1. Please state which one of 24, 62, 74 is away from the ligand (no atom under 12 Å from the Cβ), loosely packed, with under 12 Cβ neighbours inside 10 Å and part of a helix (DSSP H, G or I).
2. Given the conditions (1) within 16 Å of the ligand (Cβ to nearest atom); (2) exposed (fewer than 15 other Cβ atoms within 10 Å of the Cβ); (3) under 23 Å from residue 105 (Cβ atoms), report the number of the one that residue 54 does not fulfil.
3. Check region 5-15 and report whether any residue there is more than 22 Å from residue 99 (Cα to Cα), in contact with a strand residue (DSSP E or B) (Cβ under 7 Å, 6 or more places away or on another chain) and in a helix (DSSP H, G or I).
4. On the given criteria, is residue 19 more than 18 Å from residue 104 (Cβ to Cβ) and part of a helix (DSSP H, G or I)?
5. Considering 106, 101, which residue is closer than 28 Å to residue 26 by Cα and in contact (Cβ under 8 Å) with a residue 60 or more places away in the chain?
6. Tell me yes or no: at least one residue of region 93-114 is modelled with pLDDT under 90 and in a loop (DSSP other than H, G, I, E, B).
Ligand SMILES: [Zn+2]
């Protein structure tokens, strides 16, 4: 399997991308359509800065969508209660809209990467590797 950078789309080694639900879903669709290349997705050293900006944007988008979707859902739940009475249909549509709003964030999807140095360079300069932006997400040992 080839290592392919998700930013420049060249065959390069780099930080491995963690499979998340979006990637798994895309893989499933591609497998179904038999167009899966099954490459190892990575972010190469040269693209790390671009990647981090993309990832930050995606995380912000996701938060905004969650707020908007949550607001719609709450409105759909509570508005009928205060007017015509609790409505299961409204809750259902609220959930549907919430799902749709969250789905929109897929367009700026940018997966997480494992913040460890590529295997080939692991022993070279371990102190020189870029620090993860969110240390709380780092899973070690
Ligand atoms: Zn690249």
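The values are calculated or read from the model by the stated rules, or taken from the named source; none is laboratory data. Because the structure is a prediction, the values reported are computed rather than measured. Cβ sites come from the backbone with ideal geometry, for glycine too, and all protein chains shown count toward neighbours.
1. Numbers: 62 fails: loosely packed, with under 12 Cβ neighbours inside 10 Å; 74 fails: loosely packed, with under 12 Cβ neighbours inside 10 Å.
Criteria check complete, one pass: 24.
2. Exception for residue 54: condition (2).
3. No - not one qualifying residue is present in region 5-15.
4. no
5. Only one candidate passes the filter, namely 106.
6. Yes, there is a match, as at least one residue in region 93-114 is modelled with pLDDT under 90 and in a loop (DSSP other than H, G, I, E, B).
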